[in-house]
Number of protein chains: 2
Amino acid sequence: MSENYDCIIIGAGPAGLGAALYASRDRLKTLVLERFLPGGQISTTDRIENYPGIERIDGPGLIEQMQTQASGFGAEIKTGCEVTKLHKLKNGHLAVYCDRDKFVTRGVIVAPGSSYRKLGVPGEEQFHSAGAGVSYCGTCDAPFFKGKSVVAVGGGNTAIEETLHLTKFAEKVTLIHRRDEFRATRVLAEQLLERASEPNSNLIVKFSTVAVAIKGEGKVQSIILKDVKSGKEENYPCDGVFIFIGMVPNTGFLKGFLELSKAGFIKCDCAYLRTNVPGVFAAGDCRVGAAMQLSTAVADGVIAAIMLKQYFRDPNWWNEPVSDLLQPGGW
Amino acid sequence: MSENYDCIIIGAGPAGLGAALYASRDRLKTLVLERFLPGGQISTTDRIENYPGIERIDGPGLIEQMQTQASGFGAEIKTGCEVTKLHKLKNGHLAVYCDRDKFVTRGVIVAPGSSYRKLGVPGEEQFHSAGAGVSYCGTCDAPFFKGKSVVAVGGGNTAIEETLHLTKFAEKVTLIHRRDEFRATRVLAEQLLERASEPNSNLIVKFSTVAVAIKGEGKVQSIILKDVKSGKEENYPCDGVFIFIGMVPNTGFLKGFLELSKAGFIKCDCAYLRTNVPGVFAAGDCRVGAAMQLSTAVADGVIAAIMLKQYFRDPNWWNEPVSDLLQPGGW
């Protein structure tokens, strides 16, 4: 059994829903396949204030709005539907396999987003899957640590934002970072350090420190910290560990089908988002060169949906260079 | 007299304001220079329903929101301030001249937008600014003409694409073109003529025909067409007029400073938006390869602001190629 579409979008995060809005508004028969629930990463964010046009909103609210828009123009959204395989057919169409279902489409926009990067230390996986004190999402899990002591790991924007969020719940928050300064934007880093230096602050910052293992009986009770300069280890008591060290693209199912970078990001031309397989576009955090912001993911979806029509009109366009592009290093 | 900034943004449309939000949120001393009032093209749109996350809003409302956000983080917005010249200083900084004022900055984001080429006939300006039936964008406005009769004007690729798009919505579409054949690529022209020749087609093509005036009481009710061979005029009833005769980038002031395409668009690499002058980024409709949508302009601003920090951290990054990029035509 197979159903035919003009456009299949893999992933219902901001990129996928941006694409769905444009494709369906263009009267393309559009299907969005989402392995979990719509939203992707953004649905675990409780405060968005950097999406131009909306002063402040939470992730679930924004995603609900985007879904309503896309569905309103006729896009079909299937949740709990994990794509396992893609296949190019002889007639140029594409087969998309999803558990027992097979869908056939003229074009695909791949927008699977990215997932939390793991520390890879003993105890991490075990306590995380047991829901026993290891988390990758402050927004989601901070309320469970009211009055408790937690350790956060990371140094980027998300790490700082999430750590600040944790301080509203936990009695004590310790942020550890492997380097001696943050990678995060200055405004955030300053805000955090200011908070840490307040009298009676519940926030402690430890630079040049890494996690070696997470310990406990049945639940997290401590973390083994190591000072990277002195090499000294310390058993640091805590009730929870929050790991904020970045993202890995969700592109495992594409290996062997699309060309990926070493880090697993989808290779594409950054102007029109064409991958190495004609008819398959990449959009959002999953692609090389992505700025990893909400608004840039949305725009990727929009560009892919617009360019899909160009591909339908003229399949040979797929191999055309972008005209008047400046070649970096070439000026 | 000169004032010093980290980031000067030229143009307060969606691209410029997107850049301003990110730059100012990053604690960069940010100045936005706008020759008229904030908003650019979008401020003349009364119904936006293709900005993911906002189901429906008018242009001025959206722009006001974007301004509030950027100003809230400290961006300074100067209106009525037309940039006439840019100049690279010996220390690598940039001088931006604006009438009698001179500003000095470490980085510039050029986001002057583009303008629709006008027909220049009576009624055009009036009905367009009133949102009463004259449009320059089929992708944006076609859904508002469901079941109605519209006239499209033009003969290039965009005109044909947009006209085909209109036929999916309007009950009747009449495309007029001043010459007796299309300038568009043959594949598109053929597709259009084929569609027009189908039985019961809702598409009519009139060659050698120009618009003389647009008429109506409060809204478009007809267009005066003139056969350029016979000179005969006709009052042709319709509910809307779509004018697809091209875009003009607002880049005149950049000639001799930045590398421009023949059509006047700013040449850049489409991943990070670097122009041929280090420290100067291009964002929005003014650049080559732009998708010319609200959300893509916003994302351009965001990308340029993020990459500006990268340039500050490492000026040599300017000449680095984008890694893992696919080269169109190269696979």
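How would you classify region A:9-63 from its alpha-carbon gyration tensor, with a ≥ b ≥ c the square roots of the eigenvalues: rounded for a/c under 1.5, else prolate if a/b is greater than b/c, otherwise oblate? Walk me through the numbers before you get to the answer.
Working: a/c = 3.53, a/b = 1.57, b/c = 2.25.
Oblate is the answer for region A:9-63, as a/c is 1.5 or above yet b/c matches or exceeds a/b.
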**Prompt:** For B:Leu37, which inter-copy label distances result when the label point lies 7 Å beyond Cα on the Cα-to-Cβ vector, reported in nm to one decimal and in ascending order?
**Reply:** 4.3
**Fill in**
Inter-copy distances for B:Glu217, label 7 Å out on the Cα-Cβ vector, sorted ascending, nm, one decimal, are 9.0
**Prompt:** How high is the relative contact order of region B:170-256, in percent, counting Cα pairs under 8 Å that sit 6 or more residues apart?
**Reply:** 22
**Request:** In vacuum, with every alpha carbon of region B:232-331 counted as one equal point scatterer, what does the Debye formula give for log10 I(q)/I(0) at q = 0.14, 0.20, 0.24 Å⁻¹? Two decimals, please.
**Result:** -0.63, -1.09, -1.36
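Keeping the other protein chains in place, figure out the carbon and sulfur percent of the accessible area of chain A, with a 1.4 Å probe.
Values: 6620 of 14070 Å².
Carbon and sulfur atoms account for 47 percent of the accessible area of chain A.
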**Request:** Between A:Thr185, A:Thr139, A:Thr163, find the one with the highest GNM mean-square fluctuation for chain A; connect C-alpha pairs within less than 10 Å.
**Result:** A:Thr185
**Asked** In region B:290-319, which residues give up 50 Å² or more of accessible area once the other protein chains are added, compared with their chain alone (1.4 Å probe)?
**Response** B:Asn319
**Fill in**
Measure of exposure for A:Asp324: accessible area at 1.4 Å probe, Å² rounded to 10, is 70
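Quick check: convex hull of the Cα atoms in the protein assembly as shown, volume per residue, rounded to a whole Å³?
On the way: hull volume 113.2 nm³, N = 662.
Hull volume over Cα atoms, normalised by residue count, gives 171 Å³.
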**Message:** So the label point sits 7 Å from Cα along the Cα-to-Cβ vector; using that for A:Leu193, what distances do you get to the other copies, in nanometres, sorted shortest first?
**Reply:** 6.9
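Students often get this wrong, so check it: of B:Lys118/B:Lys267; B:Lys215/B:Lys255; B:Lys102/B:Lys309; A:Lys146/A:Lys219, which have C-alpha atoms separated by over 27 Å? Each step should come with its number before you reach the end.
Numbers: B:Lys118/B:Lys267 24 Å; B:Lys215/B:Lys255 39 Å; B:Lys102/B:Lys309 23 Å; A:Lys146/A:Lys219 16 Å.
B:Lys215/B:Lys255, as the Cα separations exceed 27 Å there.
Roughly how many Å² is the accessible area per residue of chain B, as a whole number, for a 1.4 Å probe?
Working: 13900 Å² over 331 residues.
Roughly 42 Å² per residue, with all protein chains present.
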**Fill in**
So the B/A interface buries, both sides summed and with a 1.4 Å probe, an accessible area in Å² (nearest 100) of 5500
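Per residue Cα convex hull volume for region B:1-158, in cubic angstrom? Display every interim value, and only then the final one.
Numbers: hull volume 23.5 nm³, N = 158.
Once divided by residue count, the hull of region B:1-158 is 149 Å³.
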**Fill in**
Restricting to Cα pairs under 8 Å and 6 or more apart, the percent relative contact order of chain A works out to 19
**Request:** Using DSSP to define loop residues, name the trypsin sites (Lys or Arg not before Pro) in region A:69-167 whose beta-carbon has at most 13 other beta-carbon atoms within 10 Å.
**Result:** A:Lys90, A:Arg100, A:Lys146
**Prompt:** Can you tell me the Rg and the Dmax, both Å, for the Cα atoms in region B:215-277?
**Reply:** 20.2, 53
**Message:** Are there DSSP H segments in chain A that both extend 18 Å or more along their axis (alpha-carbon positions) and score a mean Kyte-Doolittle hydropathy of at least 1.6? List them, or say none.
**Reply:** none
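Please give the contour-minus-distance gain from A:Lys146 to A:Val104: 0.36 nm per residue of separation, less the Cα-Cα distance, rounded to one decimal in nm.
10.2 nm
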**Fill in**
1/(1 + (r/R0)^6) with r = Cβ-Cβ of A:Glu194 and B:Glu76, R0 = 30 Å, i.e. FRET efficiency to nearest 0.05, evaluates to 0.80
**Loop-exposed GluC sites (Glu not before Pro) per DSSP, neighbour cap 14 Cβ within 10 angstrom, longest uninterrupted part of chain A** = A:218-331
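What value in Å³ per residue do you get for the convex hull of the alpha-carbon atoms in chain B? List each step's numbers first, then the result.
Values: hull volume 52.9 nm³, N = 331.
Normalising the Cα hull of chain B by residue number yields 160 Å³.
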**Asked** What translational D, rounded to a whole number of µm²/s, comes out for region A:266-319 from Stokes-Einstein when the hydrodynamic radius is the Kirkwood one over Cα pairs, at 20 °C and 1.002 mPa s?
**Response** 194
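Per residue of B:258-270, what is the mean number of Cβ atoms on other protein chains within 10 angstrom of that residue's Cβ? Present the calculation step by step, with values, prior to reporting the outcome.
Values: counts 0, 3, 1, 3, 2, 2, 0, 2, 2, 6, 5, 11, 10.
What the average comes to for B:258-270 is 4.
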**Item:** Protein-protein interface of region A:32-61, residues with accessible area decrease of at least 40 Å², isolated chain reference, 1.4 Å probe
**Value:** A:Glu49, A:Asn50, A:Tyr51, A:Pro52, A:Gly53, A:Glu55
**Message:** If R₀ is 51 angstrom, what is the calculated FRET efficiency for the pair A:Ala263 and B:Lys232, using the beta carbon separation as r and rounding to 0.05?
**Reply:** 0.20
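In terms of the Cα gyration tensor, with a ≥ b ≥ c the square roots of its eigenvalues, is region B:108-246 rounded because a/c is under 1.5, prolate because a/b exceeds b/c, or oblate?
It comes out rounded by the Cα gyration axes.
The values are calculated or read from the model by the stated rules, or taken from the named source; none is laboratory data. This structure is a prediction, so every number in the text was calculated from the model and none was measured. Quick reminder, even Gly has a Cβ in these numbers, built from the backbone with ideal geometry, and neighbours come from all protein chains shown. Accessible surface areas use protein heavy atoms only, side chains included; no ligands, DNA or RNA. Shrake-Rupley method; radii C 1.70, N 1.55, O 1.52, S 1.80 Å.
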